[in-house]
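First the structure, in the form of structure tokens, and then the observations on it.
The values are calculated or read from the model by the stated rules, or taken from the named source; none is laboratory data. Bear in mind the structure is a predicted one, so any value in this text is a computation, not a measurement. Cβ sites come from the backbone with ideal geometry, for glycine too, and all protein chains shown count toward neighbours. Each accessible area value is taken on the protein alone, full model and side chains, heavy atoms only, with ligands, DNA and RNA left out. Shrake-Rupley method; radii C 1.70, N 1.55, O 1.52, S 1.80 Å.
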Amino acid sequence: MSEVDMAVIKPEMMKSYIWLQTADGSIQQVEQEVAMFCPMICHEVIQKGMGSSKNYAISLPQRVNPAMLSLILDYCRFHQVPGRSNKERKSFDEKFIRMDTKRLCELTSAADSLQLKPLVDLTSRALARIIEGKSPEEIREIFHLPDDLTEEEKLEPLKNTTDDPRIRLLNRLYAKKRKELKERQKLKNIEVEEERVDDRSVDDLLSFINGDNGDSKGIKNSKSKKKNRRRKDQQKNTSANEAIKNHNKEPNGLNQVCCSAEVGQTVWAGVGATSNLHDVEDDIFDNKNELDDGDIDDEIDPALKEKIDREVEDFARRLNSDWPERMQEILSFGHERKPVHFSLNGNGSLRRYANSEQR
Amino acid sequence: MANSVNQEINVNSKHKKSYDRISQLPDVLIHHILSFLSTKEAMATSILSKRWLWVWTSVPILDLQDTPFCRTDPNLHFRQFVDHVLILNKTASLDKFCLKFNLVDHPSYVKTWFRDAVSRDVKELDISVHGTESFPFLKLPFALFTAKTLHVLKLSHGVELHVPGTVSLPCLKVLNLVWIKYTNDESVSRLFAGCYVLQELVLHKHAGDNTTCSNISIPTLKTLFVRFAPTGRRRHKLKINAPVLKQLNLEDNLTLEFDLEDVSSLVEANVTVSWLENRHIPLLKALSNAKFVSFHWDWYAEMKWRNFRPYRLFLNLVQMELHVGYGGWNLLSLFLEISDHLEVLVLAKNDNCRGLGFECSWKPPKYVPKCLLSSLSMVYFKGFEDLTYQLSMVKYILKNARVLKMMDISSNGDLPLDSKIDLLKKLLMFPRGSKACQLKFN
């Protein structure tokens, strides 16, 4: 071409465009530097020579619909400019990410199919932030998830771990150690603790209601860790008794709870007098398998132990709150440990809390 | 009638299904989303719906954190929790294992956790321990020091670096040792010797960590962040032998003795010291190849610059930042003299020392430095205080800089508006050696 010819060439021809086709058939052209920001498109252009004209438009994956493509190209258009500062980019990202969760999910999927990792990270983090700190009900509502698991299914994965031989071994070792520590403390603490059972439980309940981790209040109030553990175990056992009685009568009857609570208390006081029982109680709640292994003194009839375990679990399953904490508890102890909702004194706040659980 | 009701239900459920976009994402993406949550939160998603029941068990990231400073029984619960999680999580190839916990009991159980992680080809380990009175430090199991797949290792707080004779970390690229204790001076050297491809090192040290010298001799090191916590005047030796080191960030609050044997590839250096004194002269000399240097100090002790007269000029230095504390403005003249190709100069009054040093003085260089004549194009002065010596600096530069494009002066907020206006008038009156020079004032 002569020099004159070169001068006549229109400026648009100097800029390159890439042709893209979405799954619905529509074709559009996009500035090259913007489109090439996506690794998948880059690959198609370089390795396969596609995208240079309408006939050879690059077929985008099905997950990329025109709306998503438009968003992705906005993202690329901003970020492919080299001179931008980190602050600018971050600011853009924060504004860009503000969209409803449905679109966020679609965008994650589309960006993933185009291998645009920075955008996948951005949207994934946004989705994680949405999930973080929310209750299961809230999450289900936000994302329109079906509540299609039974209570039993929900706990199944966690229960299975207690059958794992490694866990049994570990639990056996822990139990042995705990026993040792308890032997030393037993005689000192027994009288003091019996008196204090009631107070401890109420404190624990209130703190649970107020949203603390069920254990933490106990820790703050106790002087020694061993004392505290025993106290908690006693209190939990009390609750378990309540739970059992409740389950047998009417799970939803609150009045029943209050009555049985008092009954249970009396029963407990009598039961608690037996010093040997302390060891066993602890073991029931800390370690179901341990009993099966017959590693500890069998002071309570094994059948009754099993029954207590099952009832506690069954009953606790009806509750559905604070799952991360509950799950951690489950994994820490082998099974549920929050029948505290229904134990002892039925003051106003307790009732209210219990009410919210009865759906 | 029953049929139509059923149909209605079907339509509704289909409709609902189409809204549940997140469950339609492939497992890989859901793992990615869950990887930004702690494992406890990720685990809680298992009860959301059938789709989510087992997804969390394949997330290749474990982030397990116990509540800090919890000294009593719940630590046992955390322990069992971790055991159970390690069993439930089925990933064979762990990308990251982040563990923050309190050392309440004898740490024998911790070994199992680390061995599990290593056996799962863990790529990144982030361990932070809160020691207690009975168990102040955790010694890591030796298995960790021969982990073939480890790329990133971060240790902080209650860890004691007790290193076996043989260390082999063939993939380790990033190492962070933050406020940990060392068995002796050799432990860290042995660790470095076993890192064949280490590129980035972050080292935060405090006195009482059982070392008297820090020997950083790593042939592959590209980035080094070293920080010494303020602890009183205890001698500590810092030796750096890193021929491919590109970036050095150094914070010296101890009395460090510098032995920079080889940092010849250095491109960027950011140095912060509390007391700038003679012992920093070897450090300054070692920075002579750098392109970007920033120096930040609080206090200045009269330095013997005769020792500094460099045999090498700072020929590569393109951008220089001086955050001046209480005195030491003469460094400006020094650097102008030795940096022939300086293009950008940033002068700042250290915020820690604002209001101090009003009696300081400044001596201009003997001869007009070459960089002013041929290369200096941008000058920034932050925290300008309208003091005599500061004005004379600005005047000198404006007068002698032939290719200066911009002089940007920002005063700190303390000056009242009319003083600012007077100041601006004064500055505008200064003669400028460069016709293209713009004066910006904040």
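Regarding residue B:297, is this residue open to solvent by 60 Å² or more (accessible area, probe 1.4 Å), over 17 Å from the mean Cα position of the chain (by Cα) and closer than 22 Å to residue B:322 by Cβ?
On the way: open to solvent by 60 Å² or more (accessible area, probe 1.4 Å): no; over 17 Å from the mean Cα position of the chain (by Cα): yes; closer than 22 Å to residue B:322 by Cβ: yes.
When the stated conditions are applied, residue B:297 does not pass them.
Within the range B:310-321, which residues are crowded, with 22+ Cβ neighbours inside 10 Å and not in a loop (DSSP other than H, G, I, E, B)? Step through it out loud before you land on a result.
Of the residues in the range B:310-321, the ones crowded, with 22+ Cβ neighbours inside 10 Å are B:314, B:317, B:320.
Result: B:320, single match.
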Cβ-Cβ under 6 Å, sequence separation 6+ or interchain: first residue in the range B:371-396 and more than 12 Å from residue B:332 (Cβ to Cβ), partner part of a strand (DSSP E or B) and not polar (S, T, N, Q). Which pairs? B:378/B:344; B:378/B:406; B:380/B:346; B:380/B:408; B:382/B:348; B:383/B:348; B:383/B:349; B:384/B:409
Could you check the range B:189-224 and list, in sequence order, the residues that are in a strand (DSSP E or B) and polar (S, T, N, Q)? B:214, B:215, B:217, B:223
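Could you tell me whether any residue of the range A:49-70 is assigned to a helix (DSSP H, G or I) and under 20 Å from residue B:37 (Cβ atoms)?
Taking the range A:49-70 and keeping what is assigned to a helix (DSSP H, G or I), we get A:66-70.
Still in the list and also under 20 Å from residue B:37 (Cβ atoms): none.
Within the range A:49-70, not a single residue is assigned to a helix (DSSP H, G or I) and under 20 Å from residue B:37 (Cβ atoms).
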Selection within the range B:40-52 - open to solvent by less than 50 Å² (accessible area, probe 1.4 Å) and under 19 Å from residue A:141 (Cβ atoms): B:41, B:44, B:45, B:46, B:47, B:48, B:49, B:52
Need pairs with beta-carbon distance below 8 Å; first residue open to solvent by 20 Å² or more (accessible area, probe 1.4 Å) and within the range B:77-98, second of a type in the set (A, V, I, L, M, F, W, C) and assigned to a helix (DSSP H, G or I); sequence gap 6+ or separate chains. B:87/A:167
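In the range A:137-153, which residues are assigned to a loop (DSSP other than H, G, I, E, B) and more than 7 Å from chain B (Cβ to nearest Cβ)?
Filtering the range A:137-153 down to residues assigned to a loop (DSSP other than H, G, I, E, B) leaves A:144-150.
Selection gives A:150 alone.
Would you check which residues across the range B:333-368 are among the small types (Gly, Ala, Ser) and buried (at least 16 other Cβ atoms within 10 Å of the Cβ) and list them?
Here is the first cut: in the range B:333-368, the residues among the small types (Gly, Ala, Ser) are B:333, B:339, B:348, B:355, B:357, B:361.
Residues satisfying the conditions are B:333, B:339, B:348, B:357.
Against the condition small (Gly, Ala, Ser), farther than 17 Å from residue B:409 by Cα and at pLDDT 85 or above, how does residue B:333 come out, does it pass? Don't jump to the end; show me each part of the working.
Details: small (Gly, Ala, Ser): yes; farther than 17 Å from residue B:409 by Cα: yes; at pLDDT 85 or above: yes.
Spelling it out, residue B:333 is indeed small (Gly, Ala, Ser), farther than 17 Å from residue B:409 by Cα and at pLDDT 85 or above.
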Consider residue B:129 carefully, then state whether it is surrounded by 15 or more Cβ atoms within 10 Å (Cβ to Cβ), within 21 Å of residue B:116 (Cα to Cα) and touching a strand residue (DSSP E or B) at 6+ places or on another chain (Cβ under 6 Å). yes
